[in-house]
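So the structure is just underneath, and the comments pick up after that.
Derivation of every value follows stated rules applied to the coordinates shown; laboratory data play no part. Only a predicted model underlies this, so the values are computations on that prediction, with no experimental measurement involved. When we count neighbours, we look across all protein chains shown, and the Cβ atoms used for this are built from the backbone with ideal geometry, even at glycine.
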Amino acid sequence: MIPSSAPVRLILASSSAYRRELLSRLGLPFEAISPDIDETPLPGEAPETTALRLARDKAAAIAARHPDALVIGSDQVATLDGEQIGKPGDHARALAQLRKMRGRRVTFHTALCLWDGREGAAPAQLDNIQTFVAFRDLPDHELDAYLRIEQPYDCAGSAKNEGLGIALLERIDSTDPSALTGLPLIALTGMLRRAGVRFFGT
């Protein structure tokens, strides 16, 4: 473990406003840098494997340019019946996603990597937090109306649970409440502690 008195530079390997907002809750100074990597799943790759690989690749890409930093990488993959559900990108695809998921339970894999490039540091820490989300069985006109209000086209699963999208959901089961929004803070604070970061000045 690096001594807690050592200065720590913290970088979030992400351009996501959701992840920046979540990380800011910890009260730690940090930078956010986009990793600009290819996020395409590999052929035959399991959803959990995709999420973990991309979280690590994002952190590694930034760590290669900033080896003195603690770098946080995260990625989320939603799945239904074992099939990956990506970011819809537009209204038509989002509506198709919500139609497919209504009345069903969707699994969200939120992978996390903390890459510590400082001298004497431990290897990268990795974890995957699963969140199980039950969607309400709502009619097309409500799904369409929701999408036109919130336009969650950059969200895997086409719903912002931190916003009006919560009205589409019936139940959320997870050990880490912020994982569904994109950055599992319980897992992250554990990783940061193991890397020598202290939150309360002791």
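Which three semi-axes in whole Å describe the equivalent ellipsoid of the stretch 1-87, each the square root of 5 times a Cα gyration tensor eigenvalue, listed largest first? Don't jump to the answer; show the numbers that get you there.
On the way: eigenvalues 148, 41, 26 Å².
So the three semi-axes of the stretch 1-87 are 27, 14, 11 Å.
Which of the chymotrypsin sites (Phe, Trp or Tyr not before Pro) found in the stretch 93-202 are in a DSSP loop and have at most 13 neighbouring Cβ atoms, other than their own, within 10 Å?
On the way: sites: Phe108, Trp115, Phe132, Phe135, Tyr146, Tyr153, Phe199, Phe200; in loops: Tyr153, Phe199, Phe200.
Listed in order of number, the matching sites are Phe199, Phe200.
Among 178-189, 161-172, 90-101, how do they line up by average Cβ neighbours within 10 Å per residue, starting with the highest?
Numbers: 178-189: 22.2, 161-172: 15.0, 90-101: 17.2.
Per-residue Cβ counts within 10 Å, averaged per peptide and sorted highest first, yield 178-189, 90-101, 161-172.
Any idea how far the Cα center of the stretch 28-92 sits from the one of the stretch 127-202, in Å?
Centre-to-centre (Cα) distance: 15 Å.
Helix 185-194 against the longest principal axis of the chain: what's the angle in degrees, Cα atoms only, rounded to the nearest 10?
For helix 185-194, the angle is close to 10 degrees.
How high is the relative contact order of the chain? Use alpha-carbon pairs under 8 Å, at least six apart in sequence, and give a whole percent. Before the final figure, lay out the partial values.
On the way: 401 pairs, mean separation 46.6, N = 202.
Dividing the mean separation by the residue count of the chain yields 23 percent.
In whole Å, what three semi-axes, largest first, describe the equivalent ellipsoid of the chain built from its Cα gyration tensor (square root of 5 times each eigenvalue)? All intermediate terms of the calculation are to be shown ahead of the outcome.
Working: eigenvalues 212, 56, 41 Å².
Taking √(5λ) for each Cα gyration eigenvalue gives 33, 17, 14 Å.
Within straight cross-link reach of Lys58, meaning Cα distance under 24 Å, which lysines are found once same-chain residues fewer than 8 apart are removed?
Lys87, Lys160
Karplus couplings for the stretch 102-114 from phi (6.51 cos²θ - 1.76 cosθ + 1.60, θ = phi - 60°), rounded to Hz, Gly and Pro as x?
In residue order, the calculated couplings are 4, x, 10, 10, 10, 9, 10, 9, 10, 8, 9, 9, 10 Hz.
Return the long-range amide H neighbours of Ile85 (sequence gap of 5 or more, or a different chain), with a cut-off of under 5 Å between placed amide H atoms.
Close amide H contacts, sequence-distant or interchain: Ala78, Thr79, Leu80.
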